Amino acid sequence: MKKKFRNAFAVCLVALTVALVAVLGVGCGGTQKYIVSIEAGQESGTYIVTYSDGETQTMVLPGKDGRDGKDGKDVTITDIYETYVKETGEDISYSEFIDKYLSLSVQSDNSATIAQCLRSVGKVYAEFVEQVSGSFFGRPVYDIAIYTGAAVVWSMDEAQDGYTYFVTNAHVIYDSKAVSSENDGKIARKVVLYMYGSESSPYTVDGDGDGRADADENGYTLYDYGDYGIECEIVGYTFEKDLAVIKAKTDDVKKVNPNVCAVELADEYHVGETAIAIGNPDDGGISVTEGIVSVDNDDIELTIDAKRTYRSIRMDTALYGGNSGGGLFNSSGKLIGIANAGSTQEENINYAIPLEIVRGTVENILYWDADGSSATSGAYKVTLGVTVLSSGSKYIYDSSLGYGKIVEDVVVRSVVENSIASRLGLSNDDVITAVVVNEKKTEVKRSFDISDIILTMRPGDEIAVGYTRGGETYTSESYTLASSDFEKLA
């Protein structure tokens, strides 16, 4: 869902005075009780919590005297959290507190969350050379085509000559119509990014004032990106995951806006939670749409360089051409995915690359970029040599968490002879329960968990597999991965 550019010339701090819905405990068909307001009390430092059933509760928040009325408007979830810890003595982090008591249902104005996220998003323009007409005296006519999408700030190195890394879609920097000989294959010859609040668009240059666009040394239309444009290098990409990493000098980013910051990653995401998309729809500038996660894992078919099946988050958040590569955030402002596709038939069915795939792929690309070899770029994976199938899939709801998960048995269907899986001792009908990498055990609850874990593997890692066979539980012998065990993702 990138968009072709056409040039005319040729939890954050949330104020609790708004209605805040915090589920206090509700089962199927039960009555939902929630906080509707928090206001300053008559006594200094006291606040009155009003619930949906009319019940009230007095809380004492240190540091807020409430005397001039302003403090009542300034009470934040952070204040509530600090008071809770002090009064109960419970050892709980801020994020755990949000997840446990508030994040199930914050149905309030998300403007503070969105405002924070805007520091970490930008719009991307990618230049390609395309054939624009048949021929001129027997030679094809080429010129610049510019497409646009979006990106998020993944990480920032503040050291001298350090880089800021951005994540976008692979299809944003790829053009199937590009002339291979005039581009890096069909990869963008130039990538420029604008941060939110410092946005502009490329424009044609008419340096001699003749009313016609100037051309570069190749005869292609010359575009200027202005003072806000940040030229980026392509670090690596993979069509199989539809992800790309680009980078720019942190100094160049900070010159445009010193307040830019990297996204914060969510731990997980669930059906029904808020899904906020920030991108560059229809090349109209960075903008925001909001919905919910409809399906946590869905398979869709996309054609980039070839037709493939992609595991995706499905949401009803609106997406348009130009949203590609933009961030998908939860109500706490944490990244849960990268928007990449939309249904052409159903307005409210759109898709994003799930967080676990984004995290694994991006760190994979960065690892191979920094491995010291010019022969390696992009993302790499290990082929274990095992085929699995899912069995006994079911949804399990956890009332203490307020959400549920689908779990299944991951059953070995076949093992390739002399493969890594065979060396680990796996056999048909084994049920894989965990993968261990360098003694770190990750449980396997869905078949795709294995492919997600594979993205995190590196040469030299020691791996093993937990499995059950005939009702007994085992851990395999370990295997140390060699560079020769890795193959590049397309």
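Would you pick out the residues in the range 200-209 that are open to solvent by less than 20 Å² (accessible area, probe 1.4 Å) and part of a loop (DSSP other than H, G, I, E, B)? Outline the logic, then answer.
In the first step, residues of the range 200-209 are kept if they are open to solvent by less than 20 Å² (accessible area, probe 1.4 Å); the result is 202, 204.
Within the range 200-209, PRO202 is the sole residue that qualifies.
Report those strands (runs of 3 or more DSSP E) wholly inside the range 210-305 carrying at least 3 residues which are in contact with a Ser or Thr (Cβ under 6 Å, 6 or more places away or on another chain) and under 30 Å from TYR380 (Cβ atoms).
243-249, 287-303
From VAL436, VAL410, which residue is surrounded by 19 or more Cβ atoms within 10 Å (Cβ to Cβ) and within 29 Å of the chain's Cα centre (by Cα)? Give the derivation first.
On the way: VAL436 fails: surrounded by 19 or more Cβ atoms within 10 Å (Cβ to Cβ).
Step by step, each of VAL436, VAL410 is checked, and only VAL410 is surrounded by 19 or more Cβ atoms within 10 Å (Cβ to Cβ) and within 29 Å of the chain's Cα centre (by Cα).
Among the numbered conditions (1) in a loop (DSSP other than H, G, I, E, B); (2) at pLDDT 95 or above; (3) not aliphatic (A, V, I, L, M), tell me where ASP449 comes up short.
For ASP449, the exception is condition (1).
Which one is farthest from the chain's Cα centre (by Cα), of the residues in the range 186-199 that are open to solvent by less than 40 Å² (accessible area, probe 1.4 Å) and of a type outside the set (A, V, I, L, M, F, W, C)?
Checked the range 186-199; the qualifying residue farthest from the chain's Cα centre (by Cα) is SER198.
Quick grid of which residues meet (1) within 11 Å of the chain's Cα centre (by Cα); (2) open to solvent by less than 10 Å² (accessible area, probe 1.4 Å):
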{"residue": "ASP283", "(1), (2)": "no, no"}
{"residue": "TYR320", "(1), (2)": "no, no"}
{"residue": "ASN330", "(1), (2)": "yes, no"}
{"residue": "GLY337", "(1), (2)": "yes, yes"}
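Taking the range 328-350 as the region of interest, how many residues are touching a helix residue (DSSP H, G or I) at 6+ places or on another chain (Cβ under 7 Å) and either of a type in the set (Val, Ile, Thr) or part of a strand (DSSP E or B) (or both)? Walk me through how you get there before you give the answer.
Kept after step one, since they are touching a helix residue (DSSP H, G or I) at 6+ places or on another chain (Cβ under 7 Å), are these residues of the range 328-350: 329, 331-333, 335-338.
Those still in the list that are either of a type in the set (Val, Ile, Thr) or part of a strand (DSSP E or B) (or both) too: 329, 335-338.
Result for the range 328-350: 5.
For the structure I just gave you, tell me whether THR473 is at pLDDT 95 or above, in a strand (DSSP E or B), over 29 Å from the mean Cα position of the chain (by Cα) and on the phi < 0 side of the Ramachandran plot.
It is true that THR473 is at pLDDT 95 or above, in a strand (DSSP E or B), over 29 Å from the mean Cα position of the chain (by Cα) and on the phi < 0 side of the Ramachandran plot.
Rundown of residues vs (1) out of contact with any strand residue (DSSP E or B) (no Cβ under 6 Å at 6 or more places or on another chain); (2) at pLDDT below 90, yes/no style:
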| position | (1), (2) |
| --- | --- |
| GLN345 | yes, yes |
| ILE349 | yes, no |
| LEU355 | no, no |
| TYR367 | yes, no |
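Any residue in the range 291-309 that is touching a Lys or Arg at 6+ places or on another chain (Cβ under 8 Å) and open to solvent by less than 10 Å² (accessible area, probe 1.4 Å)?
Scanning the range 291-309 turns up at least one residue that is touching a Lys or Arg at 6+ places or on another chain (Cβ under 8 Å) and open to solvent by less than 10 Å² (accessible area, probe 1.4 Å).
Are there helices (runs of 4 or more DSSP H) fully within the range 59-151 with at least 1 residues that are open to solvent by less than 40 Å² (accessible area, probe 1.4 Å) and at pLDDT 75 or above? List them.
On the way: elements: 70-74, 77-88, 94-97, 111-117.
Because the criterion is at least 1 residues that are open to solvent by less than 40 Å² (accessible area, probe 1.4 Å) and at pLDDT 75 or above, the helices (runs of 4 or more DSSP H) in the range 59-151 that meet it are 77-88, 111-117.
A quick yes/no check of all residues on (1) touching a helix residue (DSSP H, G or I) at 6+ places or on another chain (Cβ under 7 Å); (2) open to solvent by 70 Å² or more (accessible area, probe 1.4 Å):
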{"site": "ILE353", "(1), (2)": "no, no"}
{"site": "ILE365", "(1), (2)": "no, no"}
{"site": "SER374", "(1), (2)": "no, yes"}
{"site": "SER377", "(1), (2)": "yes, no"}
{"site": "SER390", "(1), (2)": "no, no"}
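Kindly provide the set of residues from the range 152-177 that are in contact with a helix residue (DSSP H, G or I) (Cβ under 7 Å, 6 or more places away or on another chain), in a strand (DSSP E or B) and open to solvent by less than 20 Å² (accessible area, probe 1.4 Å), ordered by number.
VAL152, VAL153, THR164, VAL167
For every residue, the table says whether it meets (1) aliphatic (A, V, I, L, M); (2) buried (at least 21 other Cβ atoms within 10 Å of the Cβ); (3) touching a strand residue (DSSP E or B) at 6+ places or on another chain (Cβ under 9 Å); (4) at pLDDT below 95.
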position: GLU217; (1), (2), (3), (4): no, no, no, yes
position: TYR220; (1), (2), (3), (4): no, no, yes, yes
position: TYR223; (1), (2), (3), (4): no, yes, yes, no
position: GLY226; (1), (2), (3), (4): no, no, yes, no
position: LYS249; (1), (2), (3), (4): no, no, yes, no
position: LYS254; (1), (2), (3), (4): no, no, yes, no
position: ASN257; (1), (2), (3), (4): no, no, yes, no
position: GLU264; (1), (2), (3), (4): no, no, yes, no
position: ASP267; (1), (2), (3), (4): no, no, no, yes
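The values are calculated or read from the model by the stated rules, or taken from the named source; none is laboratory data. Note that the structure is a prediction, hence the values are computed from the model and not measured. Virtual Cβ from ideal backbone geometry, glycine too; neighbours counted across all protein chains shown. Just so you know, the surface numbers come from the protein's heavy atoms only, side chains and all, with ligands and any DNA or RNA stripped out. Shrake-Rupley method; radii C 1.70, N 1.55, O 1.52, S 1.80 Å.
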